[in-house]
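To keep things clear, I will list the structure first and then write my remarks on it.
The values are calculated or read from the model by the stated rules, or taken from the named source; none is laboratory data. All figures in this text were calculated on a predicted structure; none of them were measured in a lab. Note: ideal-geometry Cβ built from the backbone for every residue, glycine included; neighbour counts use all protein chains shown. These accessible areas exclude ligands, DNA and RNA; they are computed on the full protein's heavy atoms, side chains included. Shrake-Rupley method; radii C 1.70, N 1.55, O 1.52, S 1.80 Å.
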Amino acid sequence: MSEKYVAISWNRQKKIYDALLWSGVAVYLLLFIGLGSFLQPNATIETLIIRGFGTCAILLLHIVLIIGPLCRISPKFLPLLYNRRHLGVTTFLIGAVHAVFSIIQFHALGTINPIVSILVSNTKFNSIADFPFQILGLIALIILFLMAVTSHDFWLNNLTAPIWKTLHTLVYVAYALLIGHVALGVLQSETSPILAILLGIGLVLVVGLHLISAFKETDLDKEIVSVDEFVEACTVAEIPEKRACIRTISGERVAIFKYDGKISAVSNVCQHQNGPLGEGKIGDDGCITCPWHGFQYLPETGASPPPFTEKVPTFNVKIEDGKVFVKAKPNKAGTRVEPAKI
Amino acid sequence: MIWAEIIVYSVFVYLAIGVLFALWFVVFGITKLDDSAKGTSIGFRFLIFFGAIPFWFLLAKRLLKGEKRPTEQNAHRRRAEK
């Protein structure tokens, strides 16, 4: 949570996440390069490094991309989301190693600048077999670089949210470019279909999970008529204890929480990265905890507990005949609202 | 090849300016932009350094305009302000 920035706010969960991530990467690379040198004795170590790091990076990018929709499909996957930014930075670093070795191997021995060489050494844009696929990889790496260096919360706060979000949505452009990079690059000379099949499975997973999660959330975005009066949102019985029912009111989702015999409603949008507060729960400390990165808010005020300063809008609520009514006009962020007694 | 050289060397010049700006920014400028950066560690500023290189132009623009850290708007925040 904000107050004073730290480089990385380590906790036990993040340490376990990173330990698993980096040991997984190390095992993959050791296995790939070790088995590769045994199965392909003619391949140089540079070639094995290029292939190993390249396949590792694209595998990690698939994981990065499927975590979001998986979490929307089932909250069981939320622990994967918690430290996704480290996964993204690792993806860039692994991709950068692949790029550096590729540039040294294929572009550093001539008389022209290696980056210029990538752009001009092959200009057969109308050929599939000889397409200049390295340019696609270069553009994708630049996008991943820009995302990696702006992954700290400082950048979300200071680049302004529209720029930061646009920048990070470019991951899908990077993914499309990398699919092209692989399909028009290594797959053109590959005799075995295994890599093409794996890439196809990955593509279907990424696209399929995004479609399923979008379909699942369609109902949540059905707007309840938004006048300034109270609108019927749900029944008390529908809301699980210490959790929320989500409804769209006044153009955005509202999280209606039930706890300790009371009902409170806050805007569903966490001030940090727009995490879905309504998918979080109220803990023993009485705070709503955002499931994405652990930011906390008091349900009565929509404000983070001191010394933190985040605030979300609150809503007036009332209960009649077991039904929960929410006033459509939100209160200013951090405004205290008396909870409705059940 | 000339077009490629112009693009690549223009980017190099932009990034070279970015490196100089980023060095100044992480030591002095960052606290003018965001109060939460006051008293932060070398490790934090080291991480910010790399982002300040490509985004030096946007940061410089915000500093020159005297802008502070904004709060993101959404439908609820806008309607609550009415």
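Quick notes on this structure:
- For the stretch A:321-342, residues shielded by at least 30 square angstrom of accessible area compared with the chain on its own, probe 1.4 Å: A:LYS329, A:PRO330, A:LYS332
- Approximate spin-label separation B:ILE6-B:LEU20, in nm, with each point projected 7 Å along Cα-to-Cβ: 2.4 nm
- Amide hydrogen proximity for A:VAL254: with H placed 1.01 Å from N in the peptide plane, the residues at 5 or more positions away or on another chain lying under 5 Å are A:ARG247, A:THR248, A:ILE249, A:ASN268.
- In the protein assembly as shown, the calculated helix contribution to ellipticity at 222 nm averages -16500 deg cm²/dmol per residue, counting -39,500 (n - 2.57) for every DSSP H run with n ≥ 4.
- Spatially proximal lysines relative to B:LYS32 (Cα-Cα < 22 Å; intrachain offsets below 8 disregarded): A:LYS4, B:LYS61, B:LYS65, B:LYS68
- Cα-derived Rg to Rh of the stretch A:237-285, Kirkwood definition: 0.96
- Along each principal axis, taking the top coordinate minus the bottom one, the Cα set of the protein assembly as shown gives 77, 50, 41 Å in descending order.
- Degrees separating the helix B:2-24 axis from the principal Cα axis of chain B, which is the longest one: 50 degrees
- Projected-area mean, the stretch A:223-341, by convex hull of Cα positions, square nanometres: 6.5 nm²
- Computed over chain B with a Gaussian network model linking Cα atoms closer than 10 Å, the most mobile of B:ILE42, B:ILE17, B:ILE53 is B:ILE42.
- Over chain A, Cα pairs under 8 Å with separation of 6+ residues give a relative contact order of 13 percent.
- Summarising the overall dimensions of the stretch B:2-69 from its C-alpha atoms, the Rg and Dmax are 13.6, 47 angstrom.
- Scanning chain A for trypsin sites (Lys or Arg not before Pro) lying in DSSP loops with no more than 14 further Cβ atoms inside 10 Å, the longest uninterrupted stretch between such sites is A:5-123.
- In the structure shown, the pairs A:LYS76/B:LYS38; A:LYS281/A:LYS329; A:LYS222/A:LYS341 are assessed against 31 Å; a Cα-Cα span above that value is assigned to A:LYS76/B:LYS38.
- Highest GNM mean-square fluctuation among A:PRO114, A:PRO41, A:PRO299, for chain A modelled with Cα contacts below 10 Å: A:PRO41.
- Amide H contacts for A:CYS234 (H built 1.01 Å from N in the peptide plane; partners 5 or more residues away or on another chain; cut-off under 5 Å): A:VAL324.
- Surface listing: A:GLU300, A:GLU223 arranged by accessible area from highest to lowest gives A:GLU223, A:GLU300, probe 1.4 Å.
- Share of carbon and sulfur in the accessible heavy-atom surface of the stretch A:12-216 [1.4 Å probe, %]: 75 percent
- At R0 = 60 Å, FRET efficiency that the Cβ-Cβ distance of A:ASP285 and A:LEU195 yields, to 0.05: 0.75
- Kyte-Doolittle at least 1.6, axis length at least 20 Å by Cα - qualifying DSSP helices, chain A: A:45-73, A:133-149, A:194-216
- Among the protein heavy atoms of the stretch B:2-69, carbon and sulfur supply 77% of the accessible surface, probe 1.4 Å, non-protein parts ignored.
- Within 10 Å of each Cβ in B:44-54, the average number of Cβ atoms from other chains: 5
- Label-point separation, A:ILE142 to A:PHE308 (7 Å along Cα→Cβ), nm: 3.7 nm
- Summarising the label geometry, the points placed 7 Å from Cα in the beta-carbon direction at B:PHE46 and A:ASN11 lie 2.4 nm from one another.
- Cβ-Cβ distance of A:VAL27 and A:PHE106, R₀ of 25 Å, FRET efficiency by 1/(1 + (r/R0)^6): the value works out to about 0.35.
- Hull-based mean projected area of the stretch A:48-178, where the convex hull spans the alpha carbons, in square nanometres: 9.8 nm²
- FRET efficiency for A:GLU46 and A:LYS242, using Cβ-Cβ distance with R0 set to 56 Å, rounded to 0.05: 0.50
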